[in-house]
Amino acid sequence: MEQRKLGSTGPAVSVIGLGCMGMSDFYGSADRGESIATIHAALDAGICLLDTGDFYGMGHNEILIREALRGLNREQVQISVKFGALRDPAGGWQGYDARPAAVKNFAAYSLQRLGVNHIDIYRPARLDADVPIEDTVGAIADLVKAGQVRHIGLSEVGSDTIRRAHAVHPISDLQIEYSLISRGIETDILPTCRALGIGITAYAVLSRGLISGHWTKDRSKERGGEKDFRHFSPRFQAGNLEANLTLADSLRLIAGQIGATPAQVAIAWVAAQGKDIVPLVGARRRDRLQEALGALKVQFTAERLAALAKAFPPGIAAGKRYPESQLVHMDSER
């Protein structure tokens, strides 16, 4: 498995990371046994970066990872944790809290649920508009000094926030959505990260399954209920969905010419955008994981990359990547 370093100060990780969110939340039900088997299969394949959040299933995802890692060599796994999202008992959203005291409280609970003595990369899930980013990063820096966190990351923030945070403590990586149909970071955020030596961990590289080659209009009727993100995602709504599935058909055609699946081409494209970018794949099952690993074998010619660039120019997707109610909390969109 190829290794990539997350920024100039971050850890060396596998070229593909495993996003574990869907094993606990946001995409309907998941099988616990299959989820753990998928984590084991990922580790066996050489994937060493596991991404989670303390609010994924309100702690369920961290406990799941703890169970999966029981008896394994902790030092061979890099665990990335997001914190700060507030939820109510019904799973609703209550905003974000990144006050220094809250940072240390969240970390204490994550360490306990994960069953580890340190978190490899710790990051606020979103910018807390009521707390200067310097204060939040300063609190995580205290955890670094105490040995409870090894690296500091960010998530879905813009260039000004990135610079301010990096001035307090070196930032290893920015976690942000990046895919063939979500290329907004290329204009400003990606150049800023590269200028500062900050890596990118890219999530939603398949646009939540939309360009995976497995999604159809009929399947949209079978989403996992109102708690499934795709139930209210603008890109999955009537009108937008049809336009975006046309894009998926274009990807399927190009993938067929390459000799790979659409999902493999989409993942490989993200990885090909720079050695400082690590795509996260959100596989919940071993068969989907095996398909994603096939992306490592995809080789692009200049002509194929040009064809993808022509078919998927920036801004091509129909609909915004989040509902307006969530975009207001996203510093990266300002």
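Would you work out if the range 243-323 is rounded, prolate or oblate? Take a ≥ b ≥ c from the square roots of the eigenvalues of the alpha-carbon gyration tensor; rounded if a/c is under 1.5, else prolate when a/b is larger than b/c, oblate otherwise. Rounded is the answer for the range 243-323, as its axis ratio a/c remains below 1.5.
Rolling a 1.4 angstrom probe over the protein heavy atoms, how many square angstrom per residue are accessible across the chain?
Spelled out: the 1.4 Å probe surface of the chain, per residue, equals 41 Å².
From the square roots a ≥ b ≥ c of the eigenvalues of the alpha-carbon gyration tensor of the range 90-179, which class results: rounded (a/c under 1.5), prolate (a/b over b/c), or oblate? Cα axes put the range 90-179 in the rounded bin.
Note on ASP142 and GLU2: with the Förster distance fixed at 35 Å, the Cβ-Cβ geometry gives a FRET efficiency of about 0.55. Ranked by solvent-accessible area (1.4 Å probe, protein heavy atoms only, all chains present), the residues ARG334, ARG208 order from largest to smallest as ARG334, ARG208. As I understand it, the value is the acute angle between the Cα axis of helix 159-168 and the longest principal axis of the Cα atoms of the chain; what does it come to in degrees, rounded to 10? Orientation of helix 159-168: about 30 degrees from the principal axis. Within the same chain, aspartates and glutamates fewer than 8 places from LYS310 are excluded, and of the rest, those with a Cα less than 18 Å from its Cα are GLU186, ASP249.
Per-residue accessible area (protein heavy atoms, 1.4 Å probe) orders THR201, THR301 as THR301, THR201, starting from the largest. Of the whole protein surface, ASP54 contributes about 10 Å² of accessible area at a 1.4 Å probe radius. Give LYS104/LYS320; LYS82/LYS145; LYS275/LYS320; LYS275/LYS297; LYS82/LYS297 a once-over and call out the pairs whose C-alpha atoms are over 25 Å from each other. Among LYS104/LYS320; LYS82/LYS145; LYS275/LYS320; LYS275/LYS297; LYS82/LYS297, the Cα-Cα distance tops 25 Å for LYS104/LYS320; LYS275/LYS320; LYS82/LYS297. For the pair the range 1-19 / the range 40-91, the C-alpha centres are spaced 17 Å from each other. Over the range 8-61, the alpha carbon radius of gyration divided by the compact-protein estimate 2.2 N^0.38 Å works out to 1.22.
Shape verdict for the range 69-117, please, from the Cα gyration tensor: rounded (a/c under 1.5), prolate (a/b greater than b/c) or oblate. Judged from the Cα gyration tensor, the range 69-117 comes out prolate (a/c at least 1.5, a/b above b/c). Averaging Cα coordinates gives a centre for the range 130-157 and one for the range 241-289; these two points are 32 Å apart. Given R0 = 56 Å, the distance between the Cβ atoms of ALA12 and LYS217 translates into a calculated FRET efficiency of 0.85. Taking only the C-alpha atoms of the range 289-334, Rg followed by Dmax gives 16.0, 41 Å. Of the solvent-accessible surface of the chain, computed with a 1.4 Å probe and all protein chains present, 52% belongs to carbon and sulfur.
Over the chain, DSSP H runs of length four or greater, each weighted -39,500 (n - 2.57), average out per residue to a 222 nm ellipticity of -11000 deg cm²/dmol. Each of ARG163 and GLU242 was given a label point 7 Å from its Cα along the Cα-to-Cβ line. The distance between the two points is 4.5 nm. The DSSP beta bridges internal to the chain are antiparallel in roughly 20% of cases.
Can you give the Kirkwood hydrodynamic radius for the range 29-108, in Å, rounded to one decimal and based on Cα pairs?
Roughly 14.0 Å, rounded to one decimal.
As a ratio to 2.2 N^0.38 Å, the alpha-carbon radius of gyration computed for the range 61-211 takes the value 1.06. Measuring gaps between exposed loop sites in the chain (GluC sites (Glu not before Pro); DSSP loop; at most 12 other Cβ atoms within 10 Å), the longest gap, sites not included, is 3-225.
The values are calculated or read from the model by the stated rules, or taken from the named source; none is laboratory data. Because the structure is predicted, anything quoted here is derived from the model rather than measured. Every residue, glycine as well, gets a Cβ built from its backbone with ideal geometry; the counts of neighbours run over all protein chains shown. With ligands, DNA and RNA removed, areas are computed over all heavy atoms of the protein, side chains included. Shrake-Rupley method; radii C 1.70, N 1.55, O 1.52, S 1.80 Å.
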